[in-house]
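First up is the structure itself, then whatever we jot down about it.
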Amino acid sequence: MIQLFRVAKIFPPNYPALTDINIQINNGEFVFLSGPSGAGKTTLLKLLFREEEASEGQILVNGRNITRLNGRGIAQMRREIGLVFQEFRLLSTLSALENVALAAEVVGLTKRESMRKAFHLLRELGLKERHDAKPASLSGGEQQRVAIARALVNEPILVLADEPTGNLDSEMADETMRLFLRMRERGTTVLIATHDSGLLRRFSHRVITLQRGRLISDSKLRVDKDLTEAP
Ligand SMILES: Nc1ncnc2c1ncn2[C@@H]1O[C@H](COP(=O)(O)OP(=O)(O)O)[C@@H](O)[C@H]1O
Ligand SMILES: [Mg+2]
């Protein structure tokens, strides 16, 4: 599903945001990307949907080598990915419902069906009463949930979420995580960047940890290693 081989990202003039990253994530895995602020989590997610280009190395997403895609290829790849951005990126002139429904319309659903799906998801995320509101009149946590609904509305095969619970209290954060877990039960691969250690404790899954742009631990590899080293 996702493979990175010796990936590096150097921001001009020569700041190494990521160095020699090797990761393999299989279909249907649920993975946290952790590490302190500035570790490179957001940069790594941006490489995966080609908002940024890798400086070195190869990246495969859904079997495509995304280091060699043209504009059309990038657009096609992004259709399969549900993105939750740290800064939401909602359209200010549209209501919560319209923001979510638009994502479904863009990939070809009718307006009616798009609205129906959007409404259903917003209700699941506790936003039934707020679906008519514009982003500016929603709280940070509400905007975040709208952004999450938008990412999930097309039932993507891969979800990339950047600090998706950053503006939520722990109860709402757990509710949101359960929604991601339900996606996973349907076979979706989920990669969540978070520096929230409480979240990692409450939901024990594979954790890949970055520090200063380097991969310093991967709980899955640690388990694999323990198994191979067992007598
Ligand atoms: N566009 C950019 N230009 C220069 N430096 C950047 C850019 N984006 C991120 N960085 C730097 O790369 C490092 C990793 O940032 P980021 O990926 O946002 O970390 P995280 O998401 O883990 O907090 C930080 O030191 C940040 O300042
Ligand atoms: Mg970040």
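The values are calculated or read from the model by the stated rules, or taken from the named source; none is laboratory data. As the structure is a computational prediction, the values presented were derived from the model and not from experiment. No Cβ is skipped: glycine too gets one built from the backbone with ideal geometry, and neighbour counts run over all protein chains shown.
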Exercise for review: Could you list, in sequence order, all residues of the stretch 154-209 that are within 16 Å of ligand 1 (Cβ to nearest atom) and free of Cβ contacts under 8 Å to residues at least 40 places away in the same chain?
Suggested key: THR165, ASN167, ASP196
Check your understanding: Restricting the search to the stretch 205-220, which residues are more than 17 Å from GLY28 (Cβ to Cβ), of a type in the set (A, V, I, L, M) and buried (at least 21 other Cβ atoms within 10 Å of the Cβ)?
Key -> LEU210, LEU215
Check your understanding: Is it true that some residue in the stretch 9-24 is at pLDDT 95 or above, among the aliphatic types (A, V, I, L, M), within 16 Å of ligand 2 (Cβ to nearest atom) and touching a Ser or Thr at 6+ places or on another chain (Cβ under 8 Å)?
Key -> yes
Exercise for review: Sort out which residues of the stretch 28-76 are under 28 Å from GLU185 (Cβ atoms), over 14 Å from the mean Cα position of the chain (by Cα) and either within 16 Å of ligand 2 (Cβ to nearest atom) or modelled with pLDDT under 95 (or both), and write them in order of number.
Suggested key: GLY35, ASN62, GLY63, ARG64, ILE66, GLN76
Review point. Taking the stretch 74-98 on its own, how many of its residues are in a helix (DSSP H, G or I), surrounded by fewer than 20 Cβ atoms within 10 Å (Cβ to Cβ) and aliphatic (A, V, I, L, M)?
Key: 3
Practice item. Just need a number here: residues in the stretch 48-85 that are touching a residue at least 40 places away in the same chain (Cβ under 8 Å), more than 15 Å from ILE25 (Cβ to Cβ) and among the β-branched types (Val, Ile, Thr). Key: 1
Point to revise | Output for the stretch 7-27, where each listed residue is in a strand (DSSP E or B) and either touching a Phe, Trp or Tyr at 6+ places or on another chain (Cβ under 7 Å) or within 10 Å of ligand 1 (Cβ to nearest atom) (or both) | key: LYS9, ILE10, PHE11, TYR15, PRO16, ALA17, LEU18, ASN22
**Study point:** Whichever residue in the stretch 28-73 is in a strand (DSSP E or B) and of a type in the set (Val, Ile, Thr) and, among such residues, is farthest from ligand 1 (Cβ to nearest atom)
**Key:** VAL61
Review point. Does GLN211 meet the test of being within 16 Å of ligand 2 (Cβ to nearest atom) and more than 22 Å from PHE85 (Cβ to Cβ)?
Key: yes
Review point. Which of the residues belonging to the stretch 176-204 are surrounded by 16 or more Cβ atoms within 10 Å (Cβ to Cβ), away from ligand 2 (no atom under 16 Å from the Cβ) and over 15 Å from the mean Cα position of the chain (by Cα)?
Key: PHE203
Review point. So which of ALA151, ALA118, ALA101, ALA147 is surrounded by 19 or more Cβ atoms within 10 Å (Cβ to Cβ), within 16 Å of ligand 2 (Cβ to nearest atom) and either small (Gly, Ala, Ser) or modelled with pLDDT of 95 or more (or both)?
Key: ALA147
